[in-house]
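Worksheet: one structure, shown below.
The values are calculated or read from the model by the stated rules, or taken from the named source; none is laboratory data. As the structure is a computational prediction, the values presented were derived from the model and not from experiment. Here the Cβ positions follow ideal geometry from the backbone for every residue, glycine too, while neighbour counts run over all protein chains shown. All accessible areas refer to the heavy atoms of the entire protein, side chains included, with ligands and DNA or RNA removed. Shrake-Rupley method; radii C 1.70, N 1.55, O 1.52, S 1.80 Å.
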Protein chains: 2
Amino acid sequence: MSSIADYRVYPLISSLETVECLEDQVHVKWADQRLSPFHYLWLRDNCPCSECVYGVTREQVFEIADVPENLRPHSAEIDPEGLLLINWEDGHRSRFEPGWLRAHAYDDASRQEQLERRGQKHYWHHDLDLPVFDYQGVMEEPEILLQWLLALRDIGLTQVRNVPTDPESLIALAKRISFIRESNFGVLFNVKPKADADSNAYTPFNLPLHTDLPTRELQPGLQFLHCLINQASGGDSLFVDGFSVARALQEEDPAAFRHLCEIPVEFRNKDRNSDYRCLAPIIALDARGEIAEVRMANFLRGPFTTAPQLMPALYHAYRRFIELSREPRFQFRRRLNEGELWCFDNRRSLHARDAFDPTSGVRHLQGCYVDRDELLSRILVLERQRML
Amino acid sequence: MSSIADYRVYPLISSLETVECLEDQVHVKWADQRLSPFHYLWLRDNCPCSECVYGVTREQVFEIADVPENLRPHSAEIDPEGLLLINWEDGHRSRFEPGWLRAHAYDDASRQEQLERRGQKHYWHHDLDLPVFDYQGVMEEPEILLQWLLALRDIGLTQVRNVPTDPESLIALAKRISFIRESNFGVLFNVKPKADADSNAYTPFNLPLHTDLPTRELQPGLQFLHCLINQASGGDSLFVDGFSVARALQEEDPAAFRHLCEIPVEFRNKDRNSDYRCLAPIIALDARGEIAEVRMANFLRGPFTTAPQLMPALYHAYRRFIELSREPRFQFRRRLNEGELWCFDNRRSLHARDAFDPTSGVRHLQGCYVDRDELLSRILVLERQRML
């Protein structure tokens, strides 16, 4: 029955043992002795029957505002097949599979388990054991694809090798995840010196450690950089785990860390035909207070605007973040060769490039973006398929 | 000189009168008697000279971490041309135009003025005086285009009329702003009943008030719905200003409002080939505590997961938000005819559709999305061009 409301399979972890009706909730006891409360409104809201959920789209048609706030059951019981059966006082009936119910239980222990299943970030430093994947493997084997995507989610820096040096290979690789996110720089962007550069990326200058497009409300989730040719001297790639730097700052100077979490900073990308501005803090935390995002590109930053008495503290924190990110203990350095490709979490892994000598040879990289939503969706679909 | 660092023109609002050096900042007095502090680090950071800013890209190459935190000037003065001239103790010189300096001053009065220039939201109800624009005008006249975009920014619901009923017209109109944001439903999506629907949108059912793609971290900023043909009975469009509903809830029941701001809710979009999930509160506030976004689609919502003691309060708040949005005082209802097009702020204006009878005639809408970043950038460029 849960298959109506979801594409996932919910294995039976523990069977239902008893159900007890209280004033506004049932208490369910599981065979492993866990106790889970389920409020009546929650149960009615999540009724998976074919009247409440349209089977073709698996989307709800019932709305919880359509029943009284004090709706109660006539009875709640475990039926002969082991499902929780609720007979509502208005005549509706709801049945819940114990696998689905356990997966969505919201007692403290179950919520903690759900959090832990969301994956663990691995913080890294100069000595990162770089996750490397083979282009053909990623293109052909769902399990290798999944391993690559999990490395992107949890480590945030990967390399793919043996990528044919034509632009279609990059597009095909990105599309293994999903569609490409366009920007004012195009669907694919070409990183090579241009006479009329609209970004310092398109010069032979060194680029300090940064995330791309901090000037947009949602920074691109994944960045791809594919090396088509690299015959110039200089131009090595440099990466730093922005989460490791942020955590080091938090340990060393909690007040400075807090300022970077709380004081919004404006990033600007000014061009003849666009004028992007985004006001956001440099470090973003998630609902649990954990470091979830870094936003940083000194060359795209606007003037700080905050109360005058906070200005020295903001500069202190900002400078300290940059100083830390320059320390060798954080820096992973590698030259990108033809047929190699960086793919990294652009909202976490800061990247930089040494200056290079454009007279010494040609250097041509191509890049594109895919958003984090698409990465996480593809991981869930691949995991779902592995369970079948 | 400011032209190196920026494309904007900063008119001279008031000239510099005096400058006084304090320990870590200068105090500038303007001819209109305003006093603005500027910290030395802020001034050094924002030096617009051609050593600090690369003239072609207008992006900074200097980084503030490259000078000592206690950098001081030898002297600070107003030069014969009326610019603020700083001679730094390390030999560097910085000159600031008073127009640019005033526009970026961060004393309390100046920060307040900058806030006010960001535009004012106009809350609306059932009796909205719908902003209507002509397709040809928007396509050809920059000033009409700008007025349309300002209505989208500040009101969030507009109609464009006399749109040729071919798909290219919608694309051309969206591209007046910028590129289209792709999603798993494509670049353009066709709203008409499908046998194997992957969304309730693609059925003849009524759709309750919702935002599109609440299942993504960043909901699409603007939604376009272009009517190619509408011969079916039923299917009227309905809009509600989500900000007005949120504010009504805040006035009526501050605790309920706070719960919708603070308790994240999961939205899910499950399909055979995708599995999007986003955990976010239904109401988002900006840095000033003002209502900045509504996220709502009952048919895409996952089971609530929060501490059991909060569950009744969350249901109370969620039900109340839906009940309010159903009240006629908020509802703007209109049938969309051939050649007409809705364009609205998808993160603010909830939209709904009555059920329609697919046997009574053909109904075919086409839609697409453009993000808020693109809207705001286009407005800034158009305003910049108007100033020249």
Query raised in the report: Is it the case that region B:136-153 has a residue that's at pLDDT 95 or above, touching a strand residue (DSSP E or B) at 6+ places or on another chain (Cβ under 8 Å) and at the interface with chain A (Cβ under 10 Å from one of its Cβ atoms)?
Result: no
**Report entry** Considering residues of region B:274-287 that are open to solvent by less than 20 Å² (accessible area, probe 1.4 Å) and assigned to a strand (DSSP E or B) only, the residue farthest from the other protein chains (Cβ to nearest Cβ)
**Finding:** B:ILE283
Requested in this report: Looking only at region B:214-258, count how many residues are in contact with a helix residue (DSSP H, G or I) (Cβ under 6 Å, 6 or more places away or on another chain) and among the acidic types (Asp, Glu).
Outcome: 1
Requested in this report: Report, ordered by the first and then the second residue, all pairs with beta carbons closer than 6 Å, sequence separation of six or more or different chains, a first member in region A:41-66 that is in the same structural domain as A:VAL26 (by TED's automatic domain parsing) and in contact (Cβ under 8 Å) with a residue 12 or more places away in the chain, and a second member that is crowded, with 21+ Cβ neighbours inside 10 Å and among the acidic types (Asp, Glu).
Outcome: A:ILE64/A:ASP45
Report summary line: Note on A:PRO264: of the conditions (1) more than 28 Å from A:ARG334 (Cα to Cα); (2) crowded, with 23+ Cβ neighbours inside 10 Å; (3) within 12 Å of chain B (Cβ to nearest Cβ), unmet is (2)
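Rundown of residues vs (1) within 28 Å of B:PRO220 (Cβ to Cβ); (2) aromatic (Phe, Trp, Tyr); (3) surrounded by fewer than 21 Cβ atoms within 10 Å (Cβ to Cβ); (4) assigned by TED's automatic domain parsing to the domain that holds A:GLY289, yes/no style:
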{"position": "A:VAL191", "(1), (2), (3), (4)": "no, no, no, yes"}
{"position": "A:ASP196", "(1), (2), (3), (4)": "no, no, yes, yes"}
{"position": "A:ALA201", "(1), (2), (3), (4)": "yes, no, no, yes"}
{"position": "A:HIS210", "(1), (2), (3), (4)": "yes, no, no, yes"}
{"position": "A:ARG216", "(1), (2), (3), (4)": "yes, no, no, yes"}
{"position": "A:PHE224", "(1), (2), (3), (4)": "yes, yes, no, yes"}
{"position": "A:GLN231", "(1), (2), (3), (4)": "no, no, yes, yes"}
{"position": "A:ASP241", "(1), (2), (3), (4)": "no, no, no, yes"}
{"position": "A:ASP253", "(1), (2), (3), (4)": "no, no, yes, yes"}
Report task. Return yes when B:ASP107 is among the acidic types (Asp, Glu), farther than 30 Å from B:GLY156 by Cα and touching a strand residue (DSSP E or B) at 6+ places or on another chain (Cβ under 9 Å) and no when it is not. Result -> yes
Query raised in the report: How many residues are out of contact with any strand residue (DSSP E or B) (no Cβ under 8 Å at 6 or more places or on another chain) and outside any loop (DSSP other than H, G, I, E, B) when one looks only at region B:180-236?
Result: 1
Report task. Check A:ARG288, A:ARG272, A:ARG277, A:ARG301 and return the single one that is assigned by TED's automatic domain parsing to the domain that holds A:ASN206, in contact with a helix residue (DSSP H, G or I) (Cβ under 9 Å, 6 or more places away or on another chain), farther than 28 Å from B:HIS104 by Cβ and basic (Lys, Arg). Result -> A:ARG288
Query - Where a residue in region B:179-199 is under 9 Å from B:CYS368 (Cα atoms) and its partner, wherever it lies, is among the aromatic types (Phe, Trp, Tyr) and in a loop (DSSP other than H, G, I, E, B), with Cβ under 6 Å and at least six apart - result: B:GLU182/A:PHE179
Query raised in the report: What are the pairs, 6+ residues apart or on separate chains, where a residue within region B:224-243 that is closer than 27 Å to B:ASP371 by Cβ has its Cβ under 6 Å from a residue that is of a type in the set (Asp, Glu) and surrounded by 20 or more Cβ atoms within 10 Å (Cβ to Cβ)?
Result: B:CYS227/B:GLU340
Query raised in the report: Can you name the residue in region B:176-215 that is within 26 Å of B:VAL245 (Cβ to Cβ) and aliphatic (A, V, I, L, M) and, of all such residues, is farthest from the other protein chains (Cβ to nearest Cβ)?
Result: B:VAL191
Report summary line: Filtering region B:276-333 for residues that are of a type in the set (Gly, Ala, Ser), farther than 30 Å from B:ARG118 by Cα and in contact (Cβ under 8 Å) with a residue 40 or more places away in the chain leaves a count of 2
Report summary line: Filtering strands (runs of 3 or more DSSP E) wholly in region A:6-82 for at least 2 residues that are open to solvent by less than 20 Å² (accessible area, probe 1.4 Å) and within 8 Å of chain B (Cβ to nearest Cβ) gives A:35-39
Query raised in the report: Does at least one position in region A:349-359 carry a residue that is touching a helix residue (DSSP H, G or I) at 6+ places or on another chain (Cβ under 8 Å), under 30 Å from A:ARG176 (Cα atoms) and either modelled with pLDDT of 95 or more or not assigned by TED's automatic domain parsing to the domain that holds A:LEU260 (or both)?
Result: yes
Query raised in the report: (1) at the interface with chain B (Cβ under 9 Å from one of its Cβ atoms); (2) within 22 Å of the chain's Cα centre (by Cα); (3) not aromatic (Phe, Trp, Tyr): which one isn't true of A:VAL294, the others all being true?
Result: (1)
Query raised in the report: Tell me, which strands (runs of 3 or more DSSP E) wholly within region A:288-350 include 2 or more residues that are of a type outside the set (A, V, I, L, M, F, W, C) and surrounded by fewer than 19 Cβ atoms within 10 Å (Cβ to Cβ)?
Result: A:331-334
